[in-house]
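Visitor: The following block contains the structure, expressed as structure tokens.
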Amino acid sequence: MRLQPLLLSFSSASLVLLAACTNTSGYHDGMATGAASAPPPPELEARREAHDRAAAKARVQAQAAGGAQVKRAYEALAIAPAAPALLAPMPQLEDRENYAKIESNPVTLVAESPVSTFSIDVDTGSYSNVRRFLNGGSLPPQDAVRVEELVNYFDYDDPLPRDRSRPFSLHTEIAPTPWNAKTKLLRVAIRGWQPTGPRPASNLVFLVDVSGSMNEPSKLPLVKSSLKLLTRQLTERDRISLVVYAGASGVVLEPTPGDDGDAIESALDRLSAGGSTNGGEGIRLAYAMAQRAFIPGGNNRVLLATDGDFNVGTTSFEQLVDLVEEKRRSGVALTTLGFGGGNYNDQLMERLADAGNGNHAYIDTLAEAQKALVDQRDATLTTIARDVKIQLEFNPALVSEYRLIGYENRQLQREDFSNDKVDAGEIGAGHRVTALYEIALAGEGGERVEPLRYGGKAQAKATGEELGFLRLRYKRPGDGMEAASLLIEHPLLRREVRDSLEGTSDAFRLSASVAAFGQLLRGGQYTGGFGYTQVERLARDARGRDSHGYAGEFLQLVKLAQGLSTGQARAQIGE
């Protein structure tokens, strides 16, 4: 007799839960375009909002607790234990984040392969994504850590170019490797020219994902706040359009003068999330809008804001990349802004930006939006050099081995360096790019590769005091898509090698500490006994002015990673 009221109670609870979790098609009809729609009943709306708040809280708790507690965090949303037949099934929190597999660059024998060739990378999305994981209480997946993006997050005080005749300056520095006293660390640094005076007019298309997966505080609400920051920097010479996509795509705002902030912000405020995600259709429409308002000689760009979870329409990874590669020929670049977690498609976001001659940032906080879209607006939106490639030839008489730290997915074939048909990375105004090589000088005992029994020693003549020869190729943006590249050459001399870290620049020591940090997060294959404590000490002594506080924040992340690594090790021992 007592069972019947209990069953009725459970059945009522299931109906309430089902109503709160279900999105009817009528409720979301207007959301894809930001148009007004009939509001749901107040009671249903209140239940839906309560469930959404609980779901967001569960997601944060699950992220902080780790994968083993994901299921328990979501089960906490249930009204009461019940048999499956009595309650509608609760949505399960899945970790569907997608990262490209990264195999760390190996140690290479100079005698066998003296030339290293790669495309530069100015993306910084990996750093802020790693920060999200650490601040959420967990170590990032190793494949989420792209060491070069961590290194390039910081503002190093390398000298600016002397004039506009060459769009960037080039600097090299060689000193002992902090984590290996028997090897040297080579830093190759590029700093882009910083324009003065009026900026070129911008034609920007905000392409915003308003699908159901964006209905979280760290997604669509943060997208709207971030784009408003950028909007407030624009003038009457600029043009802003707003395109949205979910199951279908639509134009919310036609090309509008940049100083009409009320109209732009009002359009952003009307956006709501719901439905599936047809990203391919949205990309096509955004490029069409960019062409419609195209500004000759201006900055024409699509800014894609999404979690990257495309699930209808053109969903094939390669097809989406091919689509963007085709559209970039129109002279419109693509910048990707990643948001949120749980289903974040990092691999797609990075590849789309590469294919679109743009850059990729991950926005985890409004402060990061301020950095990417306001403080570094010129670097993000204004390209000063295209298809930038680096090739370094080492002298086998003086250098035995080398290892490029990071840039695993930017590797090029040797012949690609002089082939102007091969796409490479872009540099924005004021961008800072650093590449680090760990090298073993001949006769100093830093070699990691065992010599061959029958292989004989490589015979090579030293060319003066050259450790190697550095070449860079780039194209000027105004020269057209089919323009020939320009060449810069720079020798690396043995007399430039410093005997200790004390005489190196703050930029050298800070970039080395960040590189060590990234390698530790990826397992520390080559860092030996150099741990988080040593990373913190090296970075603390290299903070310099740190006017934006980035180095100070980095020190906090190092401490978090150290604590989480210690906890993880103890848990593994306990198992």
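The values are calculated or read from the model by the stated rules, or taken from the named source; none is laboratory data. Everything quoted here is computed from the prediction, not taken from an experiment. When we count neighbours, we look across all protein chains shown, and the Cβ atoms used for this are built from the backbone with ideal geometry, even at glycine. Each accessible area value is taken on the protein alone, full model and side chains, heavy atoms only, with ligands, DNA and RNA left out. Shrake-Rupley method; radii C 1.70, N 1.55, O 1.52, S 1.80 Å.
Visitor: Please enumerate the residues belonging to segment 226-247 that are open to solvent by 50 Å² or more (accessible area, probe 1.4 Å) and of a type outside the set (D, E). Let's see the steps before the verdict.
Guide: So in segment 226-247, the residues open to solvent by 50 Å² or more (accessible area, probe 1.4 Å) come out as 232-233, 235-237, 239.
Across segment 226-247, the qualifying residues are R232, Q233, T235, R237, R239.
Visitor: Given the structure, is D95 open to solvent by less than 10 Å² (accessible area, probe 1.4 Å), charged (D, E, K, R) and at pLDDT below 95?
Guide: Details: open to solvent by less than 10 Å² (accessible area, probe 1.4 Å): no; charged (D, E, K, R): yes; at pLDDT below 95: yes.
Against the criterion (open to solvent by less than 10 Å² (accessible area, probe 1.4 Å), charged (D, E, K, R) and at pLDDT below 95), D95 does not qualify.
Visitor: Next question. Any idea which of D499, D479 is more than 29 Å from V145 (Cα to Cα), free of Cβ contacts under 8 Å to residues at least 12 places away in the same chain and open to solvent by 50 Å² or more (accessible area, probe 1.4 Å)?
Guide: Answer to the selection: D479.
Visitor: Mind listing whichever residues of segment 251-278 are in contact with a strand residue (DSSP E or B) (Cβ under 6 Å, 6 or more places away or on another chain) and over 20 Å from S225 (Cβ atoms)?
Guide: Those that are in contact with a strand residue (DSSP E or B) (Cβ under 6 Å, 6 or more places away or on another chain) and over 20 Å from S225 (Cβ atoms): V251, P255, N278.
Visitor: Could you tell me how many of the residues in segment 139-171 are under 25 Å from the mean Cα position of the chain (by Cα), among the hydroxyl-bearing types (S, T, Y) and surrounded by fewer than 19 Cβ atoms within 10 Å (Cβ to Cβ)?
Guide: The total comes to 1.
Visitor: Taking the condition of being loosely packed, with under 15 Cβ neighbours inside 10 Å and part of a loop (DSSP other than H, G, I, E, B), how many residues in segment 502-527 meet it?
Guide: Residues in segment 502-527 being loosely packed, with under 15 Cβ neighbours inside 10 Å and part of a loop (DSSP other than H, G, I, E, B): 2 in total.
Visitor: Which is touching an Asp or Glu at 6+ places or on another chain (Cβ under 6 Å) and in the same structural domain as G358 (by the TED database), of D269, D238, D209, D259?
Guide: That would be D259, the only listed residue that is touching an Asp or Glu at 6+ places or on another chain (Cβ under 6 Å) and in the same structural domain as G358 (by the TED database).
Visitor: Follow-up. Go through segment 528-541 and count every residue that is among the small types (G, A, S) and buried (at least 21 other Cβ atoms within 10 Å of the Cβ).
Guide: Total satisfying the criteria: 1.
Visitor: Which one of E415, E447, E489 is assigned to a loop (DSSP other than H, G, I, E, B) and open to solvent by 50 Å² or more (accessible area, probe 1.4 Å)?
Guide: E447
Visitor: So which pairs qualify, if the first residue must be in segment 216-245 and within 18 Å of Q291 (Cα to Cα), the second must be of a type in the set (K, R), the Cβ gap must be under 9 Å, and the two must be at least 6 apart or on different chains?
Guide: Within 9 Å, the pairs are R237/R199; D238/R199; S241/R292.
Visitor: Sticking with this one: Go through segment 527-566 and give me each residue that's farther than 21 Å from N129 by Cβ, in contact (Cβ under 8 Å) with a residue 60 or more places away in the chain and not small (G, A, S).
Guide: T527, F530, Q534, L538, R545
Visitor: While we're here: With respect to V115, is the statement that it is modelled with pLDDT of 95 or more, touching an Asp or Glu at 6+ places or on another chain (Cβ under 8 Å) and β-branched (V, I, T) true?
Guide: yes
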